[in-house]
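Here is the structure we will look at, set down as structure tokens.
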Amino acid sequence: YLQKSPELCKKIETTSDATVLVPTNEAFKFLTASEMDGKISADAERILGLHFIDHPPAILSDDVRVTRPQDDSGMFSVPAMYPEDSDDRVWFWSQDGKLHIDGGGIEAEVVEANVGASNGVIHSINRVLGIPRDTIYDKLAMDPMMSKTFDLGKQEHFNDQLKDGDIKFTFLVPTDQAWDQIKQDFATAYKVLFMGDFFYQVHHILERHLKVGEKLSLHELVRNSKDGKGFEV
């Protein structure tokens, strides 16, 4: 698949200290050959670019930027370097002694870390980044930045609707950092929401962040806002 992007191949060859994320053979088994070929044909540069981090120094599994991140999110992130106009970021964090990575909305675990090369480091990962396969429910359950919204959604089974892979959703998910700010500014309201006795209020708030029946990208949301459509729930 990498050969489908000669420009990226050249970048990898000429880099001095890159981090390359290589899906294992098992990772490709999550996708059918037709799915993989279709996604690569439609969005090869973005998908392949998520696996190439030219942000020296190379990111090791015990990198202090990962194990002791300075960002309030509790993670270390770098912008995707390819293609040059990419808006994506790739996130790194340590969990239970393992290096985890998120790119393009896909969480992967590093199964073989710190494979040295003369011009960087290689990590073998158990998923292909940038090709969604999980439901929104699965993503919320796995993503450490969304754990508080997921916990809130457990009240009276709000989250269960998000398991349906046949329905399209657009969910503007408040991060844990956002909820921490609410806790700081409105401590009583925060306590009421999280104590579990007022699920109808929780549902009302979460429903204001959720659009059912339509899958909208960030660019589409911005365009709709400029056109006066807003985010209808």
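With out of contact with any helix residue (DSSP H, G or I) (no Cβ under 9 Å at 6 or more places or on another chain) and within 30 Å of D180 (Cα to Cα) as the only criterion, which of D62, D37, D72 stands out? Walk me through how you get there before you give the answer.
Working: D37 fails: within 30 Å of D180 (Cα to Cα); D72 fails: out of contact with any helix residue (DSSP H, G or I) (no Cβ under 9 Å at 6 or more places or on another chain).
Answer to the check: D62.
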Failed item, numbered, when M146 is tested on (1) over 15 Å from the mean Cα position of the chain (by Cα); (2) closer than 21 Å to P69 by Cα: (1)
Hits in the stretch 1-30 - residues which are aliphatic (A, V, I, L, M) and not in a helix (DSSP H, G or I): A18, V20, L21, V22
Hits in the stretch 150-192 (condition: in contact with a strand residue (DSSP E or B) (Cβ under 9 Å, 6 or more places away or on another chain) and among the hydroxyl-bearing types (S, T, Y)): T170
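Considering V202, V192, V173, which residue is open to solvent by less than 80 Å² (accessible area, probe 1.4 Å), touching a helix residue (DSSP H, G or I) at 6+ places or on another chain (Cβ under 8 Å) and either charged (D, E, K, R) or not in a helix (DSSP H, G or I) (or both)? Break it down into steps so the answer makes sense when it comes.
Details: V202 fails: either charged (D, E, K, R) or not in a helix (DSSP H, G or I) (or both); V192 fails: either charged (D, E, K, R) or not in a helix (DSSP H, G or I) (or both).
Result: V173 is the single residue among V202, V192, V173 that is open to solvent by less than 80 Å² (accessible area, probe 1.4 Å), touching a helix residue (DSSP H, G or I) at 6+ places or on another chain (Cβ under 8 Å) and either charged (D, E, K, R) or not in a helix (DSSP H, G or I) (or both).
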Scope the stretch 16-42; condition out of contact with any Phe, Trp or Tyr (no Cβ under 9 Å at 6 or more places or on another chain), small (G, A, S) and modelled with pLDDT of 90 or more; matching residues: A27
Residue within the stretch 217-225 that is modelled with pLDDT under 95, closer than 30 Å to Y1 by Cβ, open to solvent by 80 Å² or more (accessible area, probe 1.4 Å) and within 20 Å of the chain's Cα centre (by Cα) present: yes
Qualifying residue in the stretch 34-57 (condition: under 20 Å from M142 (Cβ atoms) and open to solvent by 50 Å² or more (accessible area, probe 1.4 Å)): no
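Only strands (runs of 3 or more DSSP E) wholly contained in the stretch 73-170 count here; list those with 3 or more residues that are acidic (D, E). Steps first, answer last, please.
Details: elements: 76-79, 89-95, 98-103, 106-117, 120-125.
Those strands (runs of 3 or more DSSP E) span 106-117.
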Hits in the stretch 99-137 - residues which are open to solvent by 30 Å² or more (accessible area, probe 1.4 Å), farther than 27 Å from N159 by Cα and touching a strand residue (DSSP E or B) at 6+ places or on another chain (Cβ under 9 Å): V111, E112, A113, N114, V115, G116, A117, N119, I122
Residue, farthest from the chain's Cα centre (by Cα), within the stretch 7-21, restricted to residues that are of a type outside the set (D, E, K, R) and surrounded by 15 or more Cβ atoms within 10 Å (Cβ to Cβ): T15
Given (1) over 17 Å from A58 (Cα atoms); (2) surrounded by 17 or more Cβ atoms within 10 Å (Cβ to Cβ); (3) modelled with pLDDT under 95; (4) hydroxyl-bearing (S, T, Y), index of the condition S94 fails: (1)
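The values are calculated or read from the model by the stated rules, or taken from the named source; none is laboratory data. Remember, it's a predicted structure, so these values are computed and weren't measured experimentally. Heads up, the Cβs are rebuilt from the backbone with ideal geometry, glycines too, and the neighbour counts pull from every protein chain shown. Accessible surface is based on the protein model in full, side chains and every heavy atom, while ligands, DNA and RNA are left aside. Shrake-Rupley method; radii C 1.70, N 1.55, O 1.52, S 1.80 Å.
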